[in-house]
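K.L.:
This structure is in C-alpha cells; I'll ask about it shortly.
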Amino acid sequence: MLARLDLERFSIRAASLGDAAEIARVQTHSWRESYRGILPDHILDTMDTARRAAMRREILLDADALNLVAYDTTHRELVGFCNAGPSRRQGSRVGELYEIYIVERAKRYGLGRELFDATAAWCRSRGMESLIIWVLEANAHARRFYEAMGGREGTRVHSSVRGFPVVELSYVWDRL
Ligand SMILES: CC(C)(COP(=O)(O)OP(=O)(O)OC[C@H]1O[C@@H](n2cnc3c(N)ncnc32)[C@H](O)[C@@H]1OP(=O)(O)O)[C@@H](O)C(=O)NCCC(=O)NCCS
C-alpha cells in the first residue's frame, strides 16, 4: 500500500472528448467488479458500453462540469474517472461528485483521494460552499472511503437502478 499517489505510475488529468470510449470501458469494468452482489447480475452483464460512450460524450461537452481521468502510465490506459458539478437535488451553491470509479487493480493507490481533493478544489474555485455525494447504501467499501475523506452521513432516498430498487445514502462535507 502506498502512503500517497505514486506519480511515476499514475497521473490525473482533465478528460477530453476523445476519452469517452475509454471512460465507458472503465465504468463497465468498475461496475462489474464493485457492484457484483449489490446489483443483480443481469444488470451488470448487459451493460451497453457503446451506449455509455455516447452518453459520456454528452457529459464531456458540459462546460459546467468537472471531468477528470486517472491514467496508468505503465500500461498506458485509463483506470479511473470522476465527474462533478452543481448538486442535482441541492442547487448550485452545493457541489456534487456525481461519479467516481476506479478499476479494481488500481484501487487503494491513492487515486480516489487525488480525484476527491481535485473535485473539492474545483468546487471551491466555483464558489461552492459544501459538497455532497450519493452512494448506494449497500456499497460498504465506498462508504468507508467517503468516511476517510471526512464526509458525514446525510439523508437516505429510495430510488432504482434499471428497475431494481435501491437505497441511496448521501455523504456531506458541510465546508469545503
Ligand atoms: C471508492 C473508490 C473511489 C476509492 O478509491 P481508491 O483509490 O481505492 O481510494 P484511496 O486509495 O484514495 O483511499 C483513501 C482512503 O480511503 C479509505 N478506503 C478506500 N477504500 C477503502 C475500502 N475498500 N475499505 C476501507 N477503507 C477504504 C482508506 O482510509 C484509504 O486510505 P489507505 O489506503 O491509506 O488506508 C474506489 O474504491 C472505487 O472506484 N470503488 C468502486 C466504485 C465505487 O464504488 N464508486 C463510488 C460510487 S458512489
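K.L.:
Considering only the stretch 10-129, what is the antiparallel percent among its DSSP beta bridges, to the nearest 5?
P.N.:
95
K.L.:
Would you grab the residues whose amide H sits under 5 Å from the one on E96? Only those 5+ places off in sequence or on another chain, please, with H modelled 1.01 Å from N.
P.N.:
Under 5 Å from the amide H of E96 lie the amide H atoms of G85, S87, I132, each far enough along the sequence or on another chain.
K.L.:
Can you compute the FRET efficiency between E33 and R89 using 1/(1 + (r/R0)^6), with r the Cβ-Cβ distance and R0 = 25 Å? Round to the nearest 0.05. Can you show the working numbers first?
P.N.:
Numbers: r = 28 Å, r/R0 = 1.11.
About 0.35, to the nearest 0.05.
K.L.:
Step through the residues of the stretch 24-34 one at a time and calculate ³J(HN,Hα) from phi using the Karplus curve (6.51 cos²θ - 1.76 cosθ + 1.60, θ = phi - 60°), rounding each to whole Hz and writing x for Gly and Pro.
P.N.:
4, 4, 4, 4, 4, 4, 5, 4, 5, 6, 9
K.L.:
Let me ask something else about it. In square nanometres, what is the average projected area of the Cα convex hull of the chain?
P.N.:
Numbers: hull surface 39.7 nm².
Projected over every direction and averaged, the Cα hull of the chain covers 9.9 nm².
K.L.:
So what J values fall out for the stretch 84-96 if you push phi through Karplus, 6.51 cos²θ - 1.76 cosθ + 1.60 with θ = phi - 60°, rounded to Hz, Gly and Pro as x?
P.N.:
9, x, x, 4, 6, 9, 9, x, 6, 7, 10, x, 9
K.L.:
Can you list the HN-Hα couplings for the stretch 51-58, worked out from phi with the Karplus curve (6.51, -1.76, 1.60; θ = phi - 60°), rounded to whole Hz and with x for Gly and Pro?
P.N.:
Taking θ as phi minus 60°, the curve returns 5, 5, 5, 5, 5, 4, 4, 5 Hz for the stretch 51-58.
K.L.:
Say R0 is 25 Å: what FRET efficiency, to the nearest 0.05, do A140 and S16 get from their beta-carbon distance?
P.N.:
It comes out at approximately 0.15.
K.L.:
Expected output is a single nm value to one decimal: the length gained when fully extending between D6 and E129, i.e. 0.36 nm times separation in residues minus the C-alpha distance. What is it?
P.N.:
Extra length from D6 to E129 when fully extended: 41.3 nm.
K.L.:
Can I ask one more? Sort largest first and round to whole Å: the equivalent ellipsoid semi-axes of the stretch 42-93, each the square root of five times a Cα gyration tensor eigenvalue.
P.N.:
23, 18, 11
K.L.:
OK, next. Take V167 and R57, extend 7 Å from each Cα along the Cα→Cβ direction, and tell me the distance between the two endpoints in nm.
P.N.:
4.0
K.L.:
Round to the nearest 0.05 the FRET efficiency obtained for A65 and D117 when R0 = 22 Å and r is the Cβ-Cβ distance. Numbers along the way, then the final one.
P.N.:
On the way: r = 18 Å, r/R0 = 0.80.
Once the sixth-power term is evaluated, E becomes 0.80.
None of the figures in this text is laboratory data; all of them are computed from the coordinates on show. What you are looking at is a predicted structure, and each value in this text was computed from that prediction instead of being measured. Neighbour counts are summed over all protein chains in view; Cβ atoms, including those assigned to glycine, are modelled from backbone coordinates with ideal geometry.
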